[in-house]
Amino acid sequence: MSDTEIKVPNIGDFKDVEVIEVLVSEGQTIKTNDPLITIESDKSSVEIPSNFEGKIKSLKLKVGDKVSEGDLILILEKEPQTNKIDEEKPNIEKEFKKIKVIKPEIEQATNNQIKTLSKEISYASPKARKFARELGVDINQVLGSEKDGRVIEEDIKKFVSSKPKNIVEIKKDKTNKIKNEFEHSDFGEIEVKEIPRVKKLSSVYLTNSWTTIPHVTNHDEADITEMDNFRSSLKDMYTGERIKITPLAFIIKALVASLKKFPSFNSSIDEIETGKMTLKKYFHIGIAVDTPNGLMVPKIRNANNKKISLLSKELKEVSELCRNLKIDKKELFGGSMTITSLGGIGGSFFTPIINFPEVAILGVGKSQKKQILIDGKFQIRTMLPLSLSYDHRIIDGAEAARFNNDLKENLGRNFAYKLAI
């Protein structure tokens, strides 16, 4: 039995290239052409293979080291030694094959366990490995579809689409590993408070939505001059007192009309790989309510069948229930689309996060009076900022622009007069 040194081969003019992956471990038996390490320059990533077979006696490199031609990678015992785990590998695979696979997730988990127990490392090109790193995916968890289980980019994409929660967990783990070098108290007086329970619960949904849905936001303005004048002119026919109707009630009605015309906005995608979407025939509009405990989104059910006055009344009722934490949990689910309004506070445009599993959300800013050119003349008009965020997997930019145009028309000159109070 003799020891053999495996060194970095001729890599051209590159020097001090960083080792970004070590693909083997001490005690592992390798074959000729098995990948040992991956190095990355500013131009490309390259795997360095073994030109011998045997058992790894000692590793001389680690991730982050800089290498050049001739640097020692590892020392190899040329005569391969039988590894106990390798002997048991066929039995391990046999035992796992006895498990009745019910779902693809179980099948993936089974393969992952086999890999862990037999100390296998996924084979993949540097390009595929780099792609996996960019997505935060452990490539050793991905089942390869090519010969000898080699992983390609398509395998990584399938893994990500079938396991969106994994990516969230990986990113969360990475965040947890980042610690402040100093304590906050090192710089002055602080106060530590508990995050409100409502915010803790909503953060899970917000994180899932932001990391799994490709968001795009379209910004536009709607001329609501006539609607606003009409709303201000409403009076009780007996007392003559003004009837106060929140603008949000009119926006709900306008939104419902647009949802009827653009049904893809009233849909959900539970699993994109199924190639199917759920189109909802009901119109339950979510309303983001600001409470002392955090944001809550109750639903105004069957908004298409309710008059403006009833919508305005229900908005007050559900908002009060949310602020007092008396809203039924079920009322926070089963929506068509959500409206989040900052009009009562201020601001214009923003980028609202979609309320999963919905596919769109409408952000409303504070209306302002502006000089608008109409028929060659400038007029003072009341303009309402609109921010429409949508799921780009099911809604494209052209459809979103048409939806916004229809919504603006619904909020425009003639719409307010068509609504029963």
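For the reader, a short list of remarks on this structure follows.
- Cα-projected label distance for residue 326 with residue 13, points at 7 Å along beta-carbon direction, nm: 7.8 nm
- Close Lys-Lys pairs in the stretch 1-77, where close means Cα under 16 Å and separation is 8 or more or interchain: 12
- Low-density loop positions, trypsin sites (Lys or Arg not before Pro), the stretch 255-363 - DSSP coil, at most 14 other Cβ in 10 Å: 276, 281, 307, 326
- Close amide H partners of residue 359, meaning residues 5 or more places away or on another chain with modelled amide H under 5 Å apart, are 267.
- For the stretch 3-77, the relative contact order comes to 44 percent (Cα pairs under 8 Å, sequence separation of at least 6).
- Amide N proximity, the stretch 386-413 versus residue 374 label position 7 Å along Cα-to-Cβ, cut-off under 16 Å: 408-413
- The stretch 263-421 - charge dipole about Cα centre, Lys and Arg +1 at Cβ, Asp and Glu -1, debye rounded to 20: 740 debye
- Among the listed pairs 313/369; 253/408; 280/313, those beyond 21 Å (Cα-Cα): 313/369; 280/313
- A crude spin-label estimate for the pair residue 157 and residue 4, with each label 7 Å from Cα along the Cβ direction, gives 3.9 nm.
- Cα-Cα P(r), the stretch 199-418, percent of pairs per 5 Å interval: 1, 7, 14, 19, 20, 17, 11, 6, 3, 1, 0, 0
- Compared with the direct C-alpha span, the chain from residue 219 to residue 293 gains 23.7 nm at full extension, assuming 0.36 nm per residue.
- Label-to-label distance, nm, for residues given as residue 366 and residue 51 (7 Å Cα→Cβ offset): 7.2 nm
Just so you know, all these numbers are worked out from the coordinates, no wet-lab data involved. Computed from a predicted model, the values in this text were never measured in an experiment. Neighbour counts run over all protein chains shown; Cβ positions are idealised from the backbone, glycine included.
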